[in-house]
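Undergrad: Here's a structure for you.
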Amino acid sequence: MERIQLPDDVHPKIIQALLDMETDIKIEDVLDNEMILNMGPQHPATHGVLRLVLRLDGETVMACVPELGYLHRGYEKMAENMSYYEFIPHTDRLDYIAPMSNNVAWVLAVEKLAGIEAPPRAQYIRMMIAELARMASHLVAIGSLAMDVGALTIFLWTLREREKILDVWDILCGARFTNSYTRIGGVANDAQPEALAKVKWFIDQYEENIEEVEKLINTNRIFVDRMDGVGVISKEDAIQIGFTGPNLRASGAAFDLRRATPYLFYNEIDFEVPTYTQGDCLARYFLRVDETRESAKIIRQVLDKMPRGETILNSPKKVLPHKSEIYSSMEELIHDFMIVNFGINPPVGESYHAIENPKGELGFYFVSKGEGHPWKCKIRSPSMVNIQAIPLLVKGQMISDVVAIVGSIDPIMGEADK
Amino acid sequence: MNFKEIIPQKLKEKFPELDIEVSDFRNDLTLKFDKKFIRDVSFFLKEDEELQFNFCEDVTAIDWAVRKNRFTVVYHIFSMKHNFRLRLKCDVDESDLTIDTVSSVWKTANWLERETYDMYGVKFNNHPDLRRMYMPEEFEYHPLRKDFPLMGIPGSLSLPRK
Amino acid sequence: MGLEAKLKQEGFFATKLDAIIAWSRKNSVWPMPMGISCCAIEMMAVGDPKYDIARFGSEVMRFTPRQCDLMIVAGTVTYKMSHVVKKIYDQMPDPKWVIAMGACTSSGGMYRSYSVVQGIDQFLPVDIYLAGCPPRPDNLLNALIQIQEKIGRTKASDFQNKPLPELNVIQNN
């Protein structure tokens, strides 16, 4: 039986939520023609499939209800059905602009649950790739924010820089993008000298390229006017609504998980945590540019300090042995079989570990019943909580400001929808 | 500051009839108590001068797939002043699948509770806007429950005609 | 086009006209990027200076379906999103082609779960299936060249007198 229905009309519950929202905007010359506008899931400026249903009076936004779920792929349910090792490629696709960062977060959380620790060289390599991922993510954020506001050249320039980072990852592990490079107990293979040399070359030439970008738009009247004073959020509101990452630091709270709960070897590296107090879109943009500079500084120190040694832990019950040993020795073959088929079997209990993702705080909460796959896995994604603040930020602004605000918060829907 | 002793002590002073189970695994402090205290305990933990747990990181639920106390609602909260993380757990039974909301204490919990409702079916009392988060509104099931199959139930979601 | 309708037979003039029309269609394929998730980033990379797509004739990636002829579905399509994709496909004018980019659109990819459509050919006619997770930008350019060859073999009479699609009809599965 066929039924003709308009399947993606706005659901009545959303209309109800939109009309119920408190709005204390006072407009002098009320046009008396409110309308409901759908900035639908397919839109060039919404950074993925985010749907914003706006209630407008003329061009001023009175209220906004974001709707997520267009990219909900069922990660948490799948994680309950596969072992900890099998889920590593899935973590790449969470925040797909900085995939290495998610890999590092997952293996750190599993290692905390299992009670093992990777050797020092692996930890330094993980720090290096996490900071490269941060630079890649912020470059795309800056580029697409500038493109949304109108400066198209910046997008091509920052993508050109990002291509160099992708070349580094290509040499390091074979895949440009969505590379599942980290393993439980270390990293998949050692960093080749060509890769390290290329990283050094990239860092050395990065400073002048980012300065070119800054010279073009930092004092541009149109760019500054479109972003200055737009989407302001105060420090208390930011902490209350759950902002983390660059969005929080642009509102004045100097909170960085690398300093607050240090992981890997961040307490031995000297870096600053840039903070701005204005809390508007321009501050978030400046903060991201500054953070890329700090990341370059961190990578330089990591390259100097990287120790020699092995890159994967030698713990047979929990870490996959090397392929060459599997083919030649009986013990390693048995361990490989057990780990691949039954999993690493961490002890019964639960644990939560979070790292500083380029978007905010990415955390994994595991409940383990002693089996090879988790009983429950929760992904605390920063983008979902960041999008929660959009209704607060767009009240009273114009429609074109909505585009700038969404761009400056920088959500990634793969993470927000899980 | 040794939070592992201070927090249960302070909670005992403020709420004498509260019965807390304290556990500490992998350096994470966990407190488990009855669900009717959750709003008062959260308010106290946030407003207390010494503790100041002003940041709510995560709200989720666990489905144990047993007959009694099938679900457990889990809260992760963080104190930016002391850089300390705390976990609160409350059991919810299937016969009375409701719990008080903490979105009046921390606004972050608004969408996180909506997600828990969507995935597990736990209803939150006095929540300002309890709708589904990820699945379409017409969907009748709760996906993350242990009795929902991984490939879904055929016919529960619609596709357009080719 | 009245001229083609008059020249229905396969004569020298008709085939030459077909060849000219096919040549002009294939060298100016404007893609409509249906960028949903990770493959969209590789699609953006195809547009950047290293793997320039503009040199193949796809000068602009218009985000409005009314001006495009190729829809590149890049990213995992869920049941909730499938209605939106179909609606946009219906809005594109004929002739139109579809590239299913990546493993997720070809067959559901690595997501065997309750909310992912296991292959977009369940509700869209697909011309090229592109393998990879995500496929490298060179791979996408290869697919574009194959679509251009496919367009080069079409005749102008293929696209006349097509029935109008029925809009917004739900499958019962």
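Undergrad: For chain A, find the longest principal axis of its Cα atoms and tell me its angle to the long axis of helix A:281-305, 0 to 90°, nearest 10.
TA: 10
Undergrad: Are there any chymotrypsin sites (Phe, Trp or Tyr not before Pro) in segment A:296-372 that are in a DSSP loop and have at most 12 other Cβ atoms within 10 Å? List them by number.
TA: A:TYR327
Undergrad: With each label point set 7 Å from Cα along the Cα-Cβ vector, what nm distance links B:ASN83 and A:ASP304?
TA: The two pseudo-label positions are separated by 2.3 nm.
Undergrad: Normalising by the residue count of segment C:1-103, find the relative contact order in percent from Cα pairs under 8 Å and 6+ residues apart. Don't skip to the answer; put the middle values down first.
TA: Working: 131 pairs, mean separation 29.3, N = 103.
Reported relative contact order: 28 percent.
Undergrad: Additional query: Once the convex hull of the alpha carbons of segment A:373-418 is built, what does its volume come to per residue, in cubic angstrom? Walk me through the numbers on the way to the answer.
TA: Values: hull volume 3.1 nm³, N = 46.
Looking at segment A:373-418, the number lands at 67 Å³ per residue.
Undergrad: I've got another one for you. Note down the relative contact order for segment C:29-153 as a percent, whole number, built from C-alpha pairs under 8 angstrom at least six residues apart.
TA: It rounds to 26 percent for segment C:29-153.
Undergrad: As I understand it, the value is the acute angle between the Cα axis of helix A:193-217 and the longest principal axis of the Cα atoms of chain A; what does it come to in degrees, rounded to 10?
TA: Its long axis makes an angle of about 10 degrees.
Undergrad: Using Cα-only point scatterers and the Debye equation, what is log10 of I(q)/I(0) for segment B:99-158 at each q in 0.19 Å⁻¹, rounded to two decimals?
TA: -0.69
Undergrad: Aspartates and glutamates near B:LYS68 by alpha-carbon distance under 16 Å, same-chain residues fewer than 8 away left out - which ones?
TA: Filter leaves B:ASP34, B:ASP91, B:ASP93, B:GLU94, B:ASP96, B:ASP147.
Undergrad: Rounded to the nearest 5, what is the percent of antiparallel bridges among the DSSP beta bridges in chain C?
TA: 5
Undergrad: To continue, here is another question. Any chance you could give the angle, 0 to 90 degrees and rounded to 10, that helix C:137-152 forms with the longest Cα principal axis of chain C?
TA: 30
Undergrad: When every alpha-carbon pair in chain A is counted, what percent end up more than 28 Å apart?
TA: It works out to 51 percent of all Cα pairs.
Undergrad: While we're on this one: Quick one: Debye curve from the C-alpha atoms of segment C:29-153, no solvent, what's log10 I(q)/I(0) at q = 0.14, 0.18, 0.19, 0.20 Å⁻¹?
TA: Evaluating at q = 0.14, 0.18, 0.19, 0.20 Å⁻¹ gives log10 I(q)/I(0) of -0.53, -0.90, -1.01, -1.12.
Undergrad: List the lysines whose Cα lies under 16 Å from the Cα of A:LYS317, skipping any in the same chain that are fewer than 8 positions away.
TA: Reachable lysines: A:LYS112.
Undergrad: Continuing with this model, one more query. Per the Kirkwood formula on distinct C-alpha pairs, the Rh of the protein assembly as shown is how many angstrom?
TA: 27.4
Undergrad: A further question follows. Give me the Kirkwood hydrodynamic radius of chain B in Å, from all C-alpha pairs, to one decimal place?
TA: On the way: mean 1/r = 0.0585 Å⁻¹.
Final number for the Kirkwood radius of chain B is 17.1 Å.
Undergrad: Rank B:ILE38, B:ILE77, B:ILE20 by mean-square fluctuation in a GNM of chain B with C-alpha springs under 10 angstrom and give only the top-ranked residue.
TA: Ranking B:ILE38, B:ILE77, B:ILE20 by mean-square fluctuation puts B:ILE20 first.
Undergrad: Assign one of three labels to segment A:79-170, namely rounded, prolate or oblate, based on the Cα gyration tensor with a ≥ b ≥ c the square roots of its eigenvalues; rounded applies when a/c is under 1.5, prolate when it is not and a/b is larger than b/c, and oblate otherwise.
TA: Prolate shape, in that a/c is at least 1.5 and a/b is the bigger ratio.
Undergrad: How much mean residue ellipticity at 222 nm does chain A get from its helices, if each DSSP H run of length 4 or more adds -39500 (n - 2.57) and you divide by all residues, to the nearest 500 deg cm²/dmol?
TA: The helix contribution divided over chain A gives -14500 deg cm²/dmol.
Undergrad: Please give every one of the lysines within straight-line cross-link reach of A:LYS164, meaning a C-alpha to C-alpha distance under 25 Å, and leave out same-chain neighbours fewer than 8 residues apart.
TA: Qualifying lysines at Cα under 25 Å: A:LYS198, A:LYS200, A:LYS215, A:LYS297, A:LYS305, A:LYS359, C:LYS50.
Any read-out appearing in this document is the output of simple, stated calculations on the displayed coordinates, not a laboratory observation. This one's a predicted model, so the numbers in the text were calculated from it and none came from an experiment. Note: ideal-geometry Cβ built from the backbone for every residue, glycine included; neighbour counts use all protein chains shown.
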